[in-house]
1. Inside the stretch 97-114, can you point out the residues that are of a type in the set (D, E, K, R) and in contact with a Lys or Arg (Cβ under 8 Å, 6 or more places away or on another chain)?
2. Name the residues in the stretch 114-133 that are surrounded by fewer than 17 Cβ atoms within 10 Å (Cβ to Cβ), out of contact with any Ser or Thr (no Cβ under 9 Å at 6 or more places or on another chain) and at pLDDT 95 or above, would you?
3. Filter the stretch 299-325 down to residues that are in a strand (DSSP E or B) and over 17 Å from residue 270 (Cβ atoms), then give me how many there are.
4. Sort out which residues of the stretch 212-243 are assigned to a loop (DSSP other than H, G, I, E, B) and under 17 Å from residue 258 (Cβ atoms), and write them in order of number.
5. Among the strands (runs of 3 or more DSSP E) contained in the stretch 433-532, which hold 3 or more residues that are surrounded by 16 or more Cβ atoms within 10 Å (Cβ to Cβ) and modelled with pLDDT of 95 or more?
6. Kindly indicate whether residue 293 is in a loop (DSSP other than H, G, I, E, B), among the hydrophobic types (A, V, I, L, M, F, W, C) and in contact (Cβ under 8 Å) with a residue 40 or more places away in the chain.
7. Scan the stretch 113-120 and tell me whether some residue there is part of a strand (DSSP E or B), in contact with a Leu (Cβ under 6 Å, 6 or more places away or on another chain) and not aliphatic (A, V, I, L, M).
Amino acid sequence: MSSAELSSVAERAFTNPIGEGADPQVVSLGDRYLWCQSEGNVGVALWESPTLTSLGRKHVVWRAPATGPWSKQVWAPELIRLDGRWYIYVAASAGDNASHRAYVLAADSDDPIGPYTVHGPLRTADPADAGSADWAIDMTVLEQAGRRYAIWSGWPRPWDRVQHLYLAELASPTSITGPRLQLFSPSDYPWERIRNLPGASGLNEAPQVLQRGQRTFVVYSCGSALLPTYKLGLLELTGDDPLDIGCWRKYPEPVFESSGSTFGVGHDGFALSPDGSQWWHVYHAKVDRRRSFRRGIFVQPMRWRADGLPDFGTPVARGEPLVEPAGTVHNPSTEARHWAFADSAVALEDFDYYGHHQMVETGGEGLHLGVVPAEPVNDYRSGEKVVLRDGDYTDLELETAFRIVSGDRAVGALFRAMRPAVGYDAQQAYFAGVVPRRRRLLLAKTDGRSYVELAAEPIEIEPGAAVTLSVRARGPHLEARVDTSPASRSTPSPVPLAVVSAEDADRTAGSIGLRVVDTHAVFRTLAVTPPP
């Protein structure tokens, strides 16, 4: 996208990754999108957003019991509406991977936010095994010619731990009937193998149904999600009976694989733009090339070729501006507003969060950013932040009150912020905050990839201090001031302890937000006032 194009559509651009996590699945429901995600590997969360370019507000709709066969390793939940009722297909275990089975959560009402009741495990073994359940993950549903089929990744036998794709007919949304069909071999082609070496085993998982017109495809992931070589392959149903292997075609080349900057791409999904005119591809990519499950969620447009095949293009680079999905509705916020984050019911409904899903909490004292999880799951720090959705402020006065719980790096506020994403400097914005380690109050700016300090003044901050940070922006003039008080003092001093100012004209308008850097802080309030 050229700079001229960006300047004309700046308010309609976004960047990736839009969230942290793996195995993204998104469902369009009226004027909102529901993102279905694992919650700390011990639950399922639905993130509710009016846009396809942010996750929005989190609702934990189901938590696993403390013990039992489905108490741990809750992976890859899939939200599906069948016969007017919501279901979530999910894999869970007793704590070891070998005990993974497929379960179904059925909503107790017509509300996708729950509550849900567990059914299963589903019968995923061969009939010769007395119809028992067998190892299974990544289950989803294919609807074809009035019948329904479960598709999943499984093992041939408990002692043969090579992941194949299987398909079987569903008698109901919570019951499998009949035999399972193995969809080809995970080692049909060298690029499907975990490593492209002679004798290396293959791995097929994460089947996703993609239908357009009269054609039905299954996109699947192969290789290993631990490695940067993870990629996508393609199957197509070419006949009438999904249980006949002769009715399936496997394409000989991968359809989506790593670029130089975005790698380990896989476990994808699909969605239409709000106006229904565009197809969008969602997937996860690795944070770095090391062997790990640390990933982020990406969204980018996809197309259809003249021969009817999907064209996923090349994985977009982190921070590359993309024009948002067609028909995205905006409700610009320009008025004075105030939030008290101790009110957990409404604390974050106006904001989008960018960071690891276990590092944000609401309730009690307020909004906790940078929380260190008790049982971390593939966690990584990324300059955790919340940004007001559709904030559009030029000149402003902003105030936030917070307390530093642990850590000694930056804590503060974003203003004139645009195009936020997951990452330390992944926003175009000004930042005002305190840095206890360096004993500084500072003003800085980020351009989406890098950080520049504009001005700083010395300040002393005691451990556990309550901090009130005030920001004033008038054209290019930026000013921040701070008052701190020990935790034992009930009221802050009316005299600011430090004031810092700078002149900079790079950012003229945008949203507001709160941000931490490798620090845990609890924010009590945030207020913004435009000039009269």
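1. Of everything in the stretch 97-114, just one residue is of a type in the set (D, E, K, R) and in contact with a Lys or Arg (Cβ under 8 Å, 6 or more places away or on another chain), namely 110.
2. Matches in the stretch 114-133: 117 only.
3. 1
4. 223, 224, 225, 226, 227, 228, 229, 230
5. Because the criterion is at least 3 residues that are surrounded by 16 or more Cβ atoms within 10 Å (Cβ to Cβ) and modelled with pLDDT of 95 or more, the strands (runs of 3 or more DSSP E) in the stretch 433-532 that meet it are 440-447, 451-458, 466-474, 477-485, 511-516, 520-529.
6. Yes: the conditions hold for residue 293.
7. yes
Yes/no per residue for (1) of a type outside the set (A, V, I, L, M, F, W, C); (2) within 29 Å of residue 498 (Cα to Cα):
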residue: 348; (1), (2): no, no
residue: 362; (1), (2): yes, no
residue: 370; (1), (2): yes, yes
residue: 421; (1), (2): no, no
residue: 426; (1), (2): no, yes
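The values are calculated or read from the model by the stated rules, or taken from the named source; none is laboratory data. Being a predicted model, the structure only gives us computed values, none of them experimental. Ideal geometry is used to build each Cβ from the backbone, glycine not excepted, and the neighbour counts take in all protein chains shown.
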